[in-house]
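Undergrad: Just dropping this structure here.
The values are calculated or read from the model by the stated rules, or taken from the named source; none is laboratory data. Because the structure is predicted, anything quoted here is derived from the model rather than measured. We place every Cβ from the backbone using ideal geometry, glycine too, and count neighbours over all the protein chains shown.
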Amino acid sequence: MSAATEGARPAAESGAGVSRQAQMPFAVVQGAPVLELPKDLYIPPDALEVFLEAFEGPLDLLLYLIRRQGLDILDIPIAEVTHQYIEYVDLMRELRLELAAEYLVMAAMLAEIKARMLMPKREDVEEEEEDPRALLVRRLQDYERYKLTAEMVDALPRVGREIWTVTMVAPDVPTQKLHPPVELADLLYALRDILRRAEMFSSHQIQLEPLSVRERMSGILAKVTHDRFSDFTSLFTAEEGKRGAVVTLLAILELLREQILEISQTRPFGPIRVRALA
């Protein structure tokens, strides 16, 4: 074999490789290779889906636009933020996404704030007007605070997501309750102890007769006279005890108040005498 023949063989082999590379299918449909693109290929407009970052509402979108550019929430450039917000709303309309009414309300609110900031201030008004952005700033601050709190709560371990409870069904084991053996003599001993303790708590109640002050006043008037003095201690009965002495003293004081009795004492620490005035 000559050198020219040997040099031509690699070239032919390389050309065959290029030909085989060009004939490789760019797609396989149901097992059959497709070597050429179909001339009647139609791609519907909805074939390409664009996934945008989801926002929970207009405040979430505003907060995203502000934080993305590193703006100060207390000094929001309303013109720039409004322009970006309207671009996002237009993008949602072009993609035929469901546009909530609250997004349009927020767009109207931004336009109103922008118009109020462009209006010249009145010189005849002495009081300083409130910044038109103040209400929006407060709403954004509250929303950011609630959003951060919700993210912190969502990061906590949750049952069913990071923590799973372990449940176990105990086997059904038949049990038999054994009663202790008790003899009749044991029951009698226990009854005897109960009766002894019952005797220790027995008591005898005595019903005291009520003492009447009016009745005692009548008894005292029956004992004293107006022509002579009677001893003060003779009006008391020792058998009645303290209750009787108190009732008797109250009856004597009541008679003195009504000026029916007279009490006399002739010397210091001498005997006290009582007599009726009439």
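Undergrad: Just give me the residues in segment 207-233 being of a type outside the set (A, V, I, L, M, F, W, C) and closer than 17 Å to residue 256 by Cβ, in sequence order.
TA: Passing the criteria: 214, 216, 218, 219, 223, 225, 226, 230, 231, 233.
Undergrad: Considering every residue within segment 239-258, establish whether at least one is exposed (fewer than 10 other Cβ atoms within 10 Å of the Cβ) and either touching a residue at least 12 places away in the same chain (Cβ under 8 Å) or in contact with a Cys (Cβ under 8 Å, 6 or more places away or on another chain) (or both).
TA: There is no residue in segment 239-258 that is exposed (fewer than 10 other Cβ atoms within 10 Å of the Cβ) and either touching a residue at least 12 places away in the same chain (Cβ under 8 Å) or in contact with a Cys (Cβ under 8 Å, 6 or more places away or on another chain) (or both).
Undergrad: Against the definition (on the phi < 0 side of the Ramachandran plot, at pLDDT 80 or above and among the aliphatic types (A, V, I, L, M)), how does residue 117 come out, yes or no? Spell out how you get there, then give the answer.
TA: Values: on the phi < 0 side of the Ramachandran plot: yes; at pLDDT 80 or above: no; among the aliphatic types (A, V, I, L, M): yes.
Judged against the criteria, residue 117 is not a match.
Undergrad: Oh, and also: What residue, among those in segment 129-184 that are among the polar types (S, T, N, Q) and surrounded by fewer than 10 Cβ atoms within 10 Å (Cβ to Cβ), is farthest from residue 115 (Cα to Cα)?
TA: At the first step, the residues of segment 129-184 found to be among the polar types (S, T, N, Q) are 141, 149, 165, 167, 175-176.
Filter again for surrounded by fewer than 10 Cβ atoms within 10 Å (Cβ to Cβ), leaving 165, 167, 175-176.
Details: 165: 58, 167: 63, 175: 84, 176: 87 Å.
In this case the residue turns out to be 176.
Undergrad: Looking only at segment 236-278, how many residues end up being part of a loop (DSSP other than H, G, I, E, B) and of a type outside the set (Lys, Arg)? Explain how you work it out, then say what you get.
TA: Of segment 236-278, the ones part of a loop (DSSP other than H, G, I, E, B) are 236-237, 258-260, 265-272, 277-278.
If we keep only those that are of a type outside the set (Lys, Arg) as well, we get 236-237, 258-260, 265-266, 268-272, 277-278.
Residues flagged as part of a loop (DSSP other than H, G, I, E, B) and of a type outside the set (Lys, Arg) within segment 236-278 amount to 14.
Undergrad: Answer yes if at least one residue in segment 172-180 is assigned to a helix (DSSP H, G or I) and at pLDDT 85 or above, and no otherwise. Explain how you work it out, then say what you get.
TA: The first filter runs over segment 172-180 and keeps only residues assigned to a helix (DSSP H, G or I), leaving none.
So far as segment 172-180 goes, no, none of its residues is assigned to a helix (DSSP H, G or I) and at pLDDT 85 or above.
Undergrad: Do we find a residue being within 15 Å of residue 255 (Cα to Cα) and surrounded by 11 or more Cβ atoms within 10 Å (Cβ to Cβ) anywhere in segment 194-214? Please lay out each step first, then the result.
TA: First pass over segment 194-214, keeping only residues within 15 Å of residue 255 (Cα to Cα): 212-214.
Then drop every residue that is not surrounded by 11 or more Cβ atoms within 10 Å (Cβ to Cβ), which leaves 212-213.
Checked segment 194-214: at least one residue is within 15 Å of residue 255 (Cα to Cα) and surrounded by 11 or more Cβ atoms within 10 Å (Cβ to Cβ).
Undergrad: Of the residues that make up segment 225-235, is at least one surrounded by fewer than 10 Cβ atoms within 10 Å (Cβ to Cβ) and among the hydrophobic types (A, V, I, L, M, F, W, C)?
TA: No; the residues of segment 225-235 include none that is surrounded by fewer than 10 Cβ atoms within 10 Å (Cβ to Cβ) and among the hydrophobic types (A, V, I, L, M, F, W, C).
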